[in-house]
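Q: Take this structure, written in structure tokens, and hold onto it; I'll ask about it next.
The values are calculated or read from the model by the stated rules, or taken from the named source; none is laboratory data. Model, not experiment: these values are computed from the prediction. Cβ sites come from the backbone with ideal geometry, for glycine too, and all protein chains shown count toward neighbours.
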């Protein structure tokens with residue numbers, strides 16, 4: 001079984017990328033799997049609905065997966081509380097430690113069991129996980145029965161900052177400063193994972209993905225060894241069907257023929273003070289990733 005893990009920071013296009021990849025035969029996109037227990041069982045996260053529209057515990061996929069990985073003698077709520085507590089030892093700042101030696105609690109075994117349960121329930125050979133926690137990506141190579149690949153998805157931090165300044169239905173807003181600090185930390189952690197697994201990882205800029213989606217998807221399918229057809233049409237559109245994403249951008253509820261294009265409103269709508277602050281704070285990585293550094 002293969003797992004493709006998407007790293008990077010939020011608002012970088014991982015939801016649409018995952019859903020596009022899920023249109024390839026045998027591939028399933030699970031969204032931000034890390035939040036299944038917090039959102040789907042405890043109800044303390046930002047979104048309790050699956051991409052199919054149902055609550056996670058009512059969804060025909062997640063209700064079976066949750067039961068499959070629940071230990072005997074623990075209720076779903078008790079197990080979910082355990083998982084959320086275990087995850088605290090695997091936050092982004094723990095990525096470098098997890099690459100050396102994983103802390104010993106129940107999260108790695110639960111994550112492995114969940115991937116296997118998803119593959120069985122969905123009949124998939126490849127799982128796309130867009131949780132974006134490099135600390136979880138760091139665990140994958142040690143999980144039994146899993147062949148891991150990694151996509152580090154990067155988006156211009158000024159576009160990300162502008163996006164975070166616009167509240168969405170599933171989450172609140174962040175300041176440009178807060179977004180850029182997290183953008184920096186998450187991308188540095190993603191780089192650490194990529195350096196450790198160079199042969200199984202690639203970097204992808206969101207802007208390159210939306211500019212040439214068919215080519216970008218072809219590169220990813222090659223990375224995971226998928227010989228099936230490319231789901232992106234020659235005109236850069238994709239036919240999106242039903243999905244079972246745990247959480248993510250509200251565009252995960254979209255269906256039908258969908259163009260893959262860039263939201264460029266930040267170019268004119270991001271206020272100059274926030275643009276300048278974001279540019280200066282992210283300057284080293286802006287240059288590394290090939291972005292324009294002019295304020």
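Q: For segment 188-208, give me each residue that is within 16 Å of residue 17 (Cβ to Cβ) and within 15 Å of the chain's Cα centre (by Cα).
A: Answer for segment 188-208, where residues must be within 16 Å of residue 17 (Cβ to Cβ) and within 15 Å of the chain's Cα centre (by Cα): 190, 201, 202, 203, 204, 205, 206.
Q: Looking at (1) closer than 19 Å to residue 184 by Cβ; (2) in contact with a helix residue (DSSP H, G or I) (Cβ under 7 Å, 6 or more places away or on another chain); (3) modelled with pLDDT of 95 or more, find the lone condition where residue 283 falls short.
A: In the conditions (1) closer than 19 Å to residue 184 by Cβ; (2) in contact with a helix residue (DSSP H, G or I) (Cβ under 7 Å, 6 or more places away or on another chain); (3) modelled with pLDDT of 95 or more, residue 283 misses (2) alone.
Q: While we're on this one: Would you mind stating whether residue 197 is free of Cβ contacts under 8 Å to residues at least 60 places away in the same chain, surrounded by 15 or more Cβ atoms within 10 Å (Cβ to Cβ) and either closer than 21 Å to residue 5 by Cβ or out of contact with any strand residue (DSSP E or B) (no Cβ under 8 Å at 6 or more places or on another chain) (or both)?
A: Answer is yes for this residue.
Q: Tell me, yes or no, whether segment 146-166 has at least one residue that is free of Cβ contacts under 8 Å to residues at least 24 places away in the same chain, more than 19 Å from the chain's Cα centre (by Cα) and outside any helix (DSSP H, G or I).
A: Within segment 146-166, one or more residues are free of Cβ contacts under 8 Å to residues at least 24 places away in the same chain, more than 19 Å from the chain's Cα centre (by Cα) and outside any helix (DSSP H, G or I).
Q: Additional query: I need the full set of residues from segment 269-295 which are without any contact (Cβ under 8 Å) to a residue 60 or more places away in the chain and in a helix (DSSP H, G or I), in order please.
A: 272, 273, 276, 280, 283, 284, 287, 288
Q: Can I ask one more? For residue 120, indicate whether it is within 18 Å of the chain's Cα centre (by Cα) and surrounded by fewer than 22 Cβ atoms within 10 Å (Cβ to Cβ).
A: No.
Q: Please verify whether residue 244 is surrounded by 12 or more Cβ atoms within 10 Å (Cβ to Cβ) and within 28 Å of residue 98 (Cα to Cα), treating the condition exactly as stated.
A: Taking the combined requirement at face value, the residue does not satisfy it.
Q: Working only within segment 16-40, note down all residues that are out of contact with any strand residue (DSSP E or B) (no Cβ under 9 Å at 6 or more places or on another chain) and closer than 30 Å to residue 77 by Cα.
A: Hits for segment 16-40 are 35, 36, 37, 38.
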